[in-house]
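Here's the structure we're looking at; comments come further down.
The values are calculated or read from the model by the stated rules, or taken from the named source; none is laboratory data. Predicted, not measured: the structure shown is a model, and the values here were computed from it. So basically every Cβ, Gly included, is an ideal-geometry build from the backbone, and we count neighbours across all protein chains shown.
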Amino acid sequence: MRTEVLLRQLARLDHSERVATLVAHARELPTEQAQALARELWSGDGHQRMLALVVAEQCDDMQLIWRALEDPARSLRGCAAKLIGRLAQTIPVTLLDTLDTLTLGRVYMQVARHGRAELAEVLVDGLIARERFIEATRLLCVCSTEAVAARLDHPWPDGVWCRVARYHPALLAARIEERFTTDVARPDLIWREFDAGVWRELARAQPATLADWVDRFADADSLPPALHAALPWLVCWSPERVVAWLSSRIAWTCANGLPRGLTKRAVRLDDATLVPLCQGLAATAPARLGELVSGMPHVRRGRLFELAVAPLELARIEWPTTLLALLPLSLRDREAARMLELRRAQTDGSWRRTLLGLRWIELARPLLELEGRSAQASERAEAHLALIHSSAGSREGMPQTLAWLQRTRNEQDPVRLAVLSGLAEIPATRFDDPAALDAVLAPIFEARDTSWATRQKAARVAQRLLCAHATEPGSPLFSLGVSILERLAGHGGTLDLPRLDHNLPRGAERAIVAVLMPWIEAAAKREQETHLVRLWTALGKRAWRVPELGAALGELIWHGHKRNAGHAAQRWIEDPETRDVRVRELVKRDRSALYLHAVLEHCLRRRQALLVDRLASPAPRGRFHDGKVVVVPMISDERLFGRWTTALQRQYLDLIDAAEASPKQFSQTRAALVAMRARVPLTRVDDLQAALASTDVNLQEAALGALVWLDDAAPALPILLEHLDGDRARVAMYAMPRLARLVPRDRFVDAIGQLLARPRLKVTVHKEALRLLGQLATGPALALLRASWAQPLHRDVRIAALHAARAVPSQADAWAILNDAARDPEPDIARAVVEVALASVPAVYRPRYLEVMGAVADHASPIARAGLFTALYGGWSSVAPARATELGARVVGRIDPLDSAGPTDPWRQAAQVVAQGARSPETHSTCAALLDRLIAAAELDVAPAGELDQAAHQRLRGLLDALIIDRHPTSLQLLERLAAPLLARPRWWLLGARLKLAAAANGALGSTLLELVAAAPTARAALLLDGPVGEAARTSARAWTDDEVTALIDQLITSEANARILALPLLRELGPRSGWSAPFTARLARLREDPDLDVRTAALELWTS
């Protein structure tokens, strides 16, 4: 067949049919003829060249495919790149230097998608040699495990670990195990080193290994923050292990919540496994207990609740209503009755009515009906709502409740809204008398003050009725649901059907349609045709499986009112299975259907041959479009043009030409037309020259921005460079980053070099140019960057230069720039050095970069110093804890007035950094030396000094406040060490006692207290221990048990008076937690009768109410 005949045949087909026909034809030809056909097609236009690549793929003509990889057209290069990545036996590494970034990305994608490990390893080596690690990361997923292991020591970005965890989990697990075993002192640093996504992937692939690490290396009182995303996967693997971790970390669990999925999986666990966790949650966060048991049967909920509250004294405890609502009726009624006897229920009417709503209906009804006669409308509303909740929770008494609620006929709308809100929350199966329910709902249709919210609640009741009785659409309750919706439509006849497909039994949609169809047909006779469309919308995807409804909607399209045809047609073609047939039927009967958005989208992807009529002028006239105006379709996905023939592309451009030629077009419209034109593959730079030369600013800027979206964008480079000196420099420069991905790196670097050689540049242009040099990261680019830094530059340009240098840490010139920037007297430049996310610097270079950041600790600006310690506290201190602690100690210890600038002053942040390093034993000497320095300075600083008064003392207190927060064993050793010199000096004895108490374990706190009381330098000093003791009691990380607390109190109250009085802060902090159980109350009573007046007076000031 002659090529001209073949092309004419293909032009009449849609894209998929065109490709299939061409493939079948190429396979029938001998290899030589198929290659000749490909060569002949290659000599044609852009669309024919695309077809040539299709033929080349079939006849394995790699020479033509390699040739296409050098074509100026981006679309052709992309198509060739896909074939190269899929078919090429080898890929020369030199391709990494000559090909643009966007096309290379297509090659990487195909190599990875088809699992071509050998090619991937060669390309990875080439990219590593060029220090393009981000690109190499995309190929590691298909490399062999051995190959990845041999290359993991390179300076990879943090994103690589997530890929390694997904595709080579065993390799990364072995690497992390080695890290844990080599750094036993600080396992928390390893947890923080890797992103949460890494731990999530390991939890999916290696859950047993990750669980073992948690057992061995997690803190005793908390789980690593990075494990939040991994916990749901660990729950799927072993909910028992997760429950055990949470049971021993109750404070952490209450603060962070239960992992996703634990509620569902907890049903499979036995009571013995769950009881410790339930007891901890009941004592600390009862709402979390409700969340845990919410997925269990009612009987088991009650059993677990009883076991959870067994250690507690319930007399004064008030449970959250969310927990009570989950309990079986007997337990719920018992606890609600007990809570009604407490003071809050006696004084707070709203709370009392809420609790009555949780009781058994037979006991609550008399009280709630009495409350329902209140003179206050808000109280009546709460009483009615509580009555509904009580009836629903008791599963009885609903008929009597509905009869009582008929009194709301003459109520205000807020009262009716409360009643309907309660009814809307109840499952429809609880109603068995439609007449009684209708009597409650009917008044809202007659009242003039009915609000939108009340109508919505009524619609929700109707939805529940329809869904619950969908299998019996002839039932009275289903009819009531339809009737409610009809009445909600009101006089306007606008029916607002709720979603009916949620929780709808399978097949029930047919019954619903069968019942509602006569009603819809009757409405259509009254010209209320939209009821059919609303029913289709309410049924969602279920409507697709009802042929009768589809037929009725099709009838509406062609014989209904014209104003409803378009909306009905777009609903009619929603089903993907029938969409193609229905779209062709629509267009065949009425070409104006092409102006429907859904039809156009389908034609763009599947039926390109039909677009000829859509792009025609004049526009087709019919039921869907009046034909008066030709609307140019905006095609946002430029890849769709690759399915168009050249003739169709020209037709689209002609339509844009006609629109641009139309007089009185808005400036923004013309700019949008320019952007639309640029995305058509036939468009060239010359086609935008008129817009570039326009005096309209909007049009000119649109053309400049559109240049980089051309299929052949390389000629746009000199044009953009030309505009970088004018008023449009901002637009031209912001287009350059995309152009950098479309042209080879060397050519773009040469262009940037020419730009930087100009005598004067705008600041915005200069900044973006230097940033691009850092992204390109070639040798010439770095030389240009270093040469630019040596020149006198604007502050913002210097900041851009150091950002660019930070992107290439493997280069010595980059470190020279960063060191200069860290010592720059300009505060903003120094801040730019330190205000950097930890993940943005490869792990290999982080210690060296931390040294660069350390120079800012001596910067003259407190703002720069504050930025340094904010960065250290935010994660950088984990890189080298000893070095970070040294920097923090230097700032805290020098007592510089400029470090005291307010609540966020540098020394406070530096103290936090010092405290972070306390887990590392090598930092303890630094901390001890800092303490000695601050004590010596504070003893000399006694004269009042205004805002800087007692600066050393303030720093000492702030440092100790930061240190006592962490209860890691190594940190506690530091507290013991620091407490010794403080206790030896009377002036600092109280601070030393505070550290001593903070370092003591729960079991040793009593003996420690007695020692301190005996060694107190004055009687007053012993009494001042009240504060540190209360602080120890408040510390959630201690995880006090009632036995530990009572044993400690007993140890104190059997000692001297100064020790007995210290039992009171323990009672004050921990008594309310247990609901002032009998052991705590008895000990408080004993202290109130103490023979010592001070003890007795202080005990009488502590109340249990």
### Summary
Flagged in the range 85-122 as more than 37 Å from the chain's Cα centre (by Cα) and either closer than 19 Å to residue 53 by Cα or free of Cβ contacts under 8 Å to residues at least 40 places away in the same chain (or both), in numbering order, are 87, 88, 89, 90, 91, 92, 93, 94, 95
### Query
Pick from the range 554-570 the residues that are free of Cβ contacts under 8 Å to residues at least 40 places away in the same chain and crowded, with 22+ Cβ neighbours inside 10 Å: which of them is nearest to the chain's Cα centre (by Cα)?
568
### Task
Taking residue 995 as the residue in question, decide whether it is within 28 Å of residue 310 (Cβ to Cβ) and in a helix (DSSP H, G or I).
no
#### Entry: Single residue of the range 717-745 satisfying the filter (part of a loop (DSSP other than H, G, I, E, B) and charged (D, E, K, R)) that is surrounded by the fewest Cβ atoms within 10 Å (Cβ to Cβ)
727
#### Entry: Test: residue in the range 771-780 that is part of a helix (DSSP H, G or I) and touching a Lys or Arg at 6+ places or on another chain (Cβ under 6 Å)
yes
### Message
Tally up the residues in the range 1083-1105 that are in a helix (DSSP H, G or I), more than 50 Å from the chain's Cα centre (by Cα) and over 18 Å from residue 1025 (Cβ atoms), please.
### Response
6
### Task
Would you point out the residue of the range 15-68, among those that are among the acidic types (Asp, Glu) and over 19 Å from residue 644 (Cα atoms), that is surrounded by the most Cβ atoms within 10 Å (Cβ to Cβ)?
61
## Note on the structure
Within the range 910-942, restricting to residues that are assigned to a helix (DSSP H, G or I) and of a type in the set (Val, Ile, Thr), the one that is nearest to residue 981 (Cα to Cα) is 935
### Message
Anything in the range 535-553 that is surrounded by fewer than 20 Cβ atoms within 10 Å (Cβ to Cβ) and among the charged types (D, E, K, R)? List them, or say none.
### Response
541, 545, 548
#### Entry: Pick from the range 163-186, criterion in a helix (DSSP H, G or I) and among the small types (Gly, Ala, Ser), ranking: surrounded by the most Cβ atoms within 10 Å (Cβ to Cβ)
165
### Summary
If we keep only residues of the range 574-589 that are crowded, with 20+ Cβ neighbours inside 10 Å and out of contact with any Asp or Glu (no Cβ under 9 Å at 6 or more places or on another chain), then the residue farthest from residue 526 (Cα to Cα) is 583
### Query
Inside the range 105-118, can you point out the residues that are hydrophobic (A, V, I, L, M, F, W, C) and surrounded by fewer than 22 Cβ atoms within 10 Å (Cβ to Cβ)?
109, 112, 117
### Task
Considering every residue within the range 347-360, establish whether at least one is touching a residue at least 40 places away in the same chain (Cβ under 8 Å) and out of contact with any His (no Cβ under 6 Å at 6 or more places or on another chain).
no
### Query
Among the numbered criteria (1) hydrophobic (A, V, I, L, M, F, W, C); (2) surrounded by fewer than 19 Cβ atoms within 10 Å (Cβ to Cβ); (3) out of contact with any Ser or Thr (no Cβ under 6 Å at 6 or more places or on another chain); (4) more than 26 Å from residue 741 (Cα to Cα), which single criterion is violated by residue 189?
(3)
### Message
Taking the condition of being in a helix (DSSP H, G or I) and touching a residue at least 40 places away in the same chain (Cβ under 8 Å), how many residues in the range 123-158 meet it?
### Response
1
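Per-residue answers, yes or no, for (1) modelled with pLDDT of 95 or more; (2) among the acidic types (Asp, Glu):
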site: 309; (1), (2): no, no
site: 317; (1), (2): no, no
site: 336; (1), (2): yes, no
site: 371; (1), (2): no, yes
site: 374; (1), (2): no, no
site: 385; (1), (2): yes, no
### Task
Go through the range 322-370 and tell me which helices (runs of 4 or more DSSP H), entirely inside it, have 3 or more residues that are closer than 27 Å to residue 295 by Cβ and touching a helix residue (DSSP H, G or I) at 6+ places or on another chain (Cβ under 8 Å).
329-340
### Query
Residue check, residue 246 against (1) modelled with pLDDT under 95; (2) more than 28 Å from residue 336 (Cβ to Cβ); (3) in contact with a Ser or Thr (Cβ under 6 Å, 6 or more places away or on another chain), all met but one. Which one?
(1)
### Task
Give the residues of the range 858-909 that are modelled with pLDDT under 85, over 30 Å from the mean Cα position of the chain (by Cα) and not in a helix (DSSP H, G or I), sorted by residue number.
895, 896, 900, 901, 902, 903, 905
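Listed here are the residues, each with its yes/no results for (1) surrounded by 17 or more Cβ atoms within 10 Å (Cβ to Cβ); (2) closer than 13 Å to residue 1095 by Cβ.
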site: 1027; (1), (2): no, no
site: 1047; (1), (2): no, no
site: 1052; (1), (2): yes, yes
site: 1060; (1), (2): yes, yes
site: 1068; (1), (2): yes, no
site: 1074; (1), (2): yes, no
site: 1077; (1), (2): yes, no
#### Entry: Filtered residues of the range 377-429 (kept if farther than 19 Å from residue 336 by Cβ, of a type in the set (Asp, Glu) and not in a helix (DSSP H, G or I))
411
### Query
Is there a residue in the range 230-247 that is in a helix (DSSP H, G or I), more than 27 Å from residue 879 (Cβ to Cβ) and of a type in the set (Gly, Ala, Ser)?
yes
### Query
Do we have residue 630 as in a loop (DSSP other than H, G, I, E, B) and out of contact with any strand residue (DSSP E or B) (no Cβ under 8 Å at 6 or more places or on another chain) here?
yes
### Query
Residue check: is residue 391 touching a Gly at 6+ places or on another chain (Cβ under 6 Å), surrounded by 16 or more Cβ atoms within 10 Å (Cβ to Cβ) and within 30 Å of residue 323 (Cβ to Cβ)?
yes
### Residue under evaluation residue 153, criteria (1) surrounded by fewer than 16 Cβ atoms within 10 Å (Cβ to Cβ); (2) over 16 Å from residue 844 (Cβ atoms); (3) assigned by TED's automatic domain parsing to the domain that holds residue 138, criterion not met
(2)
### Query
So which residues in the range 448-475 are over 41 Å from the mean Cα position of the chain (by Cα), crowded, with 16+ Cβ neighbours inside 10 Å and of a type outside the set (S, T, N, Q)?
473
### Message
For the list (1) surrounded by fewer than 22 Cβ atoms within 10 Å (Cβ to Cβ); (2) part of a loop (DSSP other than H, G, I, E, B), I need the number of the one condition that residue 204 fails.
### Response
(2)
### Message
For the range 461-477, give me each residue that is more than 24 Å from residue 416 (Cβ to Cβ) and of a type outside the set (Ser, Thr, Tyr).
### Response
469, 470, 472, 473, 474
### Task
Scan the range 197-219 and give yes if some residue there is closer than 23 Å to residue 919 by Cβ, of a type outside the set (Lys, Arg) and under 21 Å from the mean Cα position of the chain (by Cα), otherwise no.
yes
